[in-house]
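A short write-up of the structure that comes next.
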Amino acid sequence: MSNTITIEKNPSVLAFEAKLVCSDALMKSGNWDDINDDTKWKPVEIQEKSVRGTISNRNESSDEGHKDHAKFLKSISDANIQIVDNAALPFDVDTLKATFTLRILGNLVKPSACNNPDYEEKLASIITEYQEKYGFKELSKRYAKNIANGRFLWRNRISAESIEIHVLVNGEKLIFDAYSIGMRDFNDVPNKEDKKSLEKLASAIEEGLSDKTGELFSFIEVDAFVKLGQGQQVFPSQEMNMEKEGDKSKHLYKLNEGKDNEIAGMHSQKVGNALRTIDDWHLNADRVGAIAIEPFGSVTNRGVAYRNLKKGSFYTILDEWMKKDKEPSEEEQHYMMAVLIRGGVFSE
């Protein structure tokens with residue numbers, strides 16, 4: 001370690017801005033044959049529908065010893081009336097188009113806020129050493145692959161007939177067959193054309209992350225075409241339901257609400273979460289695969305944190321490096337830098 005500053009206490013203010021800045025993803029509908037004609041695509045609309053469903057959730061009163069069995073039978077046979085949002089392709093088109101932009105920033109050595117100058121200086125030296133030793137090549141390759149394989153489409157990716165990802169970077173359009181690029185690991189891509197295009201995309205991302213001036217950035221435009229079939233359901237982001245019981249139970253995200261050009265969309269946070277799903281360095285990676293970069297490896301839909309204070313959390317690695325000058329393994333360093341690229345408040 002070239003920096004000999006001794007750190008005993010963490011700063012009470014420490015924050016980094018996100019370096020991968022995604023837009024929301026807009027959702028349009030059209031035909032697969034019109035992929036190259038931008039004029040043929042129309043906004044996916046969100047429709048409200050009333051649904052008469054059934055009771056299917058587990059009921060605590062469903063024990064065999066229920067006192068009023070007739071009342072119980074009536075409660076589970078009553079209709080479950082719901083008002084929900086729904087989005088689907090029209091019946092005269094077969095393809096979903098999802099569009100978003102991505103800006104990649106650099107100058108990672110400079111936190112957006114830190115009230116401990118010694119800590120800031122030592123952390124900057126650590127980041128600089130990482131950049132000189134490894135660069136951002138490995139991380140950029142992983143981010144690029146998550147664009148090329150369409151991971152950001154989430155449920156819209158499942159069981160599609162075909163998926164093409166068009167990426168405009170540095171004035172050049174790169175085209176990927178999403179199904180030919182795996183989601184399980186980040187090994188080399190067998191197809192030579194895909195490999196060459198991935199290298200160009202990764203290089204652009206690395207160029208943005210490597211900027212040391214805070215003045216330069218890379219800008220990428222992404223169009224994903226998903227052939228689902230006429231009339232098939234599509235999946236915008238779902239809003240948190242903050243309404244009272246009895247109101248609409250499912251709200252889907254749309255932009256330009258209340259205007260003539262309403263359009264279904266996916267939250268920028270959801271797109272970003274997919275792009276940073278690159279952490280296959282955690283202890284359970286063989287079983288669960290890559291997870292999104294998080295300080296504690298939290299996966300909320302599983303209710304699990306795969307990186308706790310005893311299993312390689314961001315704070316454990318950071319404190320070992322900053323306070324004890326214990327340099328982490330290469331994989332732990334990649335993970336730590338990816339957390340800083342993710343951004344957030346990391347104060348004591």
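So, Lys9, is that one basic (Lys, Arg), part of a loop (DSSP other than H, G, I, E, B) and either within 30 Å of Lys250 (Cα to Cα) or modelled with pLDDT of 70 or more (or both) or not? Yes.
Yes/no per residue for (1) among the charged types (D, E, K, R); (2) under 23 Å from the mean Cα position of the chain (by Cα); (3) at pLDDT 75 or above:
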| residue | (1), (2), (3) |
| --- | --- |
| Leu26 | no, yes, yes |
| Asn31 | no, no, yes |
| Ile46 | no, yes, yes |
| His66 | no, no, no |
| Lys71 | yes, no, no |
| Asn86 | no, yes, yes |
| Ala98 | no, yes, yes |
| Leu102 | no, yes, yes |
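If we scan the range 242-249, do we find a residue that is within 22 Å of the chain's Cα centre (by Cα) and of a type outside the set (Ser, Thr, Tyr)? No, the conditions are met nowhere in the range 242-249. Figure legend. Inter-residue proximity from the range 290-302: first residues under 19 Å from Tyr315 (Cα atoms) and touching a residue at least 60 places away in the same chain (Cβ under 8 Å), second residues crowded, with 18+ Cβ neighbours inside 10 Å and of a type outside the set (Ser, Thr, Tyr), beta-carbon distance below 8 Å, spacing 6+ or different chains. No pairs are indicated.
Give the range 243-254 a look and list any residue that's part of a strand (DSSP E or B) and among the charged types (D, E, K, R), or say none.
Lys250, Lys254 - these are the residues of the range 243-254 that are part of a strand (DSSP E or B) and among the charged types (D, E, K, R).
Across the range 241-275, what is the number of residues that are among the hydroxyl-bearing types (Ser, Thr, Tyr), under 22 Å from Thr99 (Cβ atoms) and modelled with pLDDT under 90? Final tally of qualifying residues: 0. Taken across the range 132-152, residues that are at pLDDT 95 or above, on the phi > 0 side of the Ramachandran plot and surrounded by 20 or more Cβ atoms within 10 Å (Cβ to Cβ) do occur, with at least one present. With respect to the conditions (1) within 22 Å of Tyr179 (Cα to Cα); (2) touching a residue at least 40 places away in the same chain (Cβ under 8 Å); (3) buried (at least 17 other Cβ atoms within 10 Å of the Cβ); (4) not β-branched (Val, Ile, Thr), Cys114 lacks only one, and its number is (1). The residues in the range 27-55 that are crowded, with 20+ Cβ neighbours inside 10 Å and either closer than 30 Å to Ser210 by Cα or β-branched (Val, Ile, Thr) (or both) can be counted, and the count is 2.
In the range 255-327, counting only helices (runs of 4 or more DSSP H) that sit wholly within it, the ones holding 2 or more residues that are in contact with a Cys (Cβ under 7 Å, 6 or more places away or on another chain) and under 25 Å from Ala18 (Cα atoms) span 268-275. Across the range 314-348, the qualifying residues are those that are surrounded by fewer than 21 Cβ atoms within 10 Å (Cβ to Cβ) and small (Gly, Ala, Ser), and the one among them that is farthest from Pro295 (Cα to Cα) is Ser329. Within the range 324-340, is there a residue that is over 22 Å from Arg155 (Cβ atoms), of a type in the set (Ser, Thr, Tyr) and at pLDDT below 90? Scanning the range 324-340, I find no residue that is over 22 Å from Arg155 (Cβ atoms), of a type in the set (Ser, Thr, Tyr) and at pLDDT below 90, so the answer is no.
The set of residues from the range 87-110 being of a type in the set (S, T, N, Q) and either assigned to a strand (DSSP E or B) or touching a Phe, Trp or Tyr at 6+ places or on another chain (Cβ under 8 Å) (or both) comprises Thr95, Thr99, Thr101. Scanning the range 286-297 for residues that are surrounded by fewer than 16 Cβ atoms within 10 Å (Cβ to Cβ) and small (Gly, Ala, Ser) yields one hit, Gly289.
Residues in the range 9-25 that are surrounded by fewer than 20 Cβ atoms within 10 Å (Cβ to Cβ), over 30 Å from Glu262 (Cβ atoms) and hydrophobic (A, V, I, L, M, F, W, C): Val13, Ala15.
The values are calculated or read from the model by the stated rules, or taken from the named source; none is laboratory data. On a predicted model such as this, the values are computed, not experimentally measured, just so you know. Using ideal geometry, Cβ is built from the backbone for each residue, glycine included, and neighbour counts are taken over all protein chains shown.
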